[in-house]
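The values are calculated or read from the model by the stated rules, or taken from the named source; none is laboratory data. Only a predicted model underlies this, so the values are computations on that prediction, with no experimental measurement involved. FYI the Cβ positions are ideal-geometry reconstructions off the backbone, even for glycines, and counts take in every protein chain you see.
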Amino acid sequence: MGVTGVGTSYSWKGNWNAITNGGVSSLALQPMPITWKSPWTELGGNPSANGGGTIRHSFGLFWCGTAYAAQGYWANSDSKENPCQQGHNDDVKWGYYPEFNSTTCATSACGHGAVQYFDQDHPEWVAVIQMAALRSFQQAYKDYKIQVTLGERHVDALGNEQLDQEYTVFVLGDYPFKASGQYYSQPASIVYYYGVMEGAEEARGRLGVGTEPYWVNYTPSYPPTDVPKFVAILQALGAGIGNSAAHEVSHHLELVTNISANQNLGMPFIDCGLNPDNTRQGAGPITCENNDNFVLWILQ
């Protein structure tokens, strides 16, 4: 369509424009949803008008539930394909408890029964977790043409709610948790808040002295007396959530086998650690770098 013709186009912001002999004016039409699937059939090929097609890929991080700073639920009616439904007790709740350990922390003040919620008194701590999570997720894929954002949704023309990103990782507050993270379905994976929180306490711990346990988790009481060190746990929690999200998305990428540049093999199997269950794709247990199970093997 020529610039002096008559017709319509939509802008890079998703708004409709009318193209007439007198120029371009906006139309009062419902904006088109801006998602990675947008075809962007525009004059000049894309918003920059350089003739090149615009290809978008994106991953989303979705905080499930209605707690402070959470994002709600995914209204997909198929329970088998939806890890974040209202009433399924998946809501993230911003809390902390010292990890229960039969040797180092075995009292009633430890474990999930002793959870303390801090979002009302310290909403800034929630921001610490969420910012660290998104940053680490983005960092994992910074060298690729992939947009990593908070998970977004839209309602299609048939009234069905659709995820905007190709793959979305839902952060859930389930307890007991099955693992730190889990591949769930074709469009979705899961990261368990409390699973990663316990891992953060382990990662912020120290090597013991003398007799066992040789590794001592960092499990301060609450409210913390050393706030900076406590916030360091929350930063580690956020980073762990982001790293786990990147890890789970990589399992989705294992199934993308239509890229000739890597001989249609998909992304390499990435689980590490000597857990005998690490046998998907026939790889068997894979030793982590330097035998360090705190290392999350993401992109090699």
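Identify all residues within region 71-81 that are out of contact with any Gly (no Cβ under 9 Å at 6 or more places or on another chain), free of Cβ contacts under 8 Å to residues at least 24 places away in the same chain and either surrounded by 15 or more Cβ atoms within 10 Å (Cβ to Cβ) or in a loop (DSSP other than H, G, I, E, B) (or both); write none if there are none.
Residues satisfying the conditions are S77, D78.
Return a yes/no flag: does region 183-197 have any residue that is farther than 21 Å from C105 by Cβ, aromatic (F, W, Y), in a loop (DSSP other than H, G, I, E, B) and in contact (Cβ under 8 Å) with a residue 40 or more places away in the chain. Give the derivation first.
Narrowing region 183-197 to residues farther than 21 Å from C105 by Cβ: 183-191.
Subset that is aromatic (F, W, Y): 183-184.
Filter once more, so that each one left must be in a loop (DSSP other than H, G, I, E, B): 184.
So of that shortlist, the ones also in contact (Cβ under 8 Å) with a residue 40 or more places away in the chain come out as 184.
Among the residues of region 183-197, at least one is farther than 21 Å from C105 by Cβ, aromatic (F, W, Y), in a loop (DSSP other than H, G, I, E, B) and in contact (Cβ under 8 Å) with a residue 40 or more places away in the chain, which makes the answer yes.
Restricting attention to region 150-160, does a residue exist that is crowded, with 20+ Cβ neighbours inside 10 Å, of a type in the set (A, V, I, L, M, F, W, C) and touching a residue at least 60 places away in the same chain (Cβ under 8 Å)?
Looking for residues that are crowded, with 20+ Cβ neighbours inside 10 Å, of a type in the set (A, V, I, L, M, F, W, C) and touching a residue at least 60 places away in the same chain (Cβ under 8 Å), one finds none in region 150-160, hence no.
In region 63-70, is there at least one residue being hydrophobic (A, V, I, L, M, F, W, C), touching a Leu at 6+ places or on another chain (Cβ under 6 Å) and modelled with pLDDT of 90 or more?
Yes.
Could you run through region 94-103 and say how many residues are crowded, with 17+ Cβ neighbours inside 10 Å and part of a loop (DSSP other than H, G, I, E, B)?
Qualifying residue count for the region: 5.
Does Q162 count as polar (S, T, N, Q) and farther than 25 Å from W94 by Cβ?
yes
Check region 104-118 and report whether any residue there is of a type outside the set (S, T, N, Q) and within 19 Å of A239 (Cβ to Cβ). Lay out the reasoning, then the answer.
Applying the first criterion (of a type outside the set (S, T, N, Q)) to region 104-118 yields 105-106, 109-115, 117-118.
Subsequent filtering for residues that are within 19 Å of A239 (Cβ to Cβ) retains 118.
Yes, region 104-118 has at least one match.
Do you know which residues across region 250-265 are surrounded by fewer than 18 Cβ atoms within 10 Å (Cβ to Cβ), under 19 Å from Q186 (Cα atoms) and out of contact with any Gly (no Cβ under 7 Å at 6 or more places or on another chain)?
N258, I259, N264, L265
Say we look at region 116-142 and pick out the residues that are touching a residue at least 24 places away in the same chain (Cβ under 8 Å) and outside any helix (DSSP H, G or I); which of these is surrounded by the fewest Cβ atoms within 10 Å (Cβ to Cβ)?
It comes out as Q120.
Looking at A200, A236, A261, can you tell me which residue is of a type outside the set (S, T, Y), at pLDDT 90 or above and over 20 Å from N291 (Cα atoms)?
Just one listed residue meets the conditions, A236.
Tell me which residues, restricted to region 82-93, are out of contact with any Pro (no Cβ under 7 Å at 6 or more places or on another chain) and either in contact (Cβ under 8 Å) with a residue 60 or more places away in the chain or crowded, with 17+ Cβ neighbours inside 10 Å (or both).
N82, P83, C84, N89, D91, V92, K93
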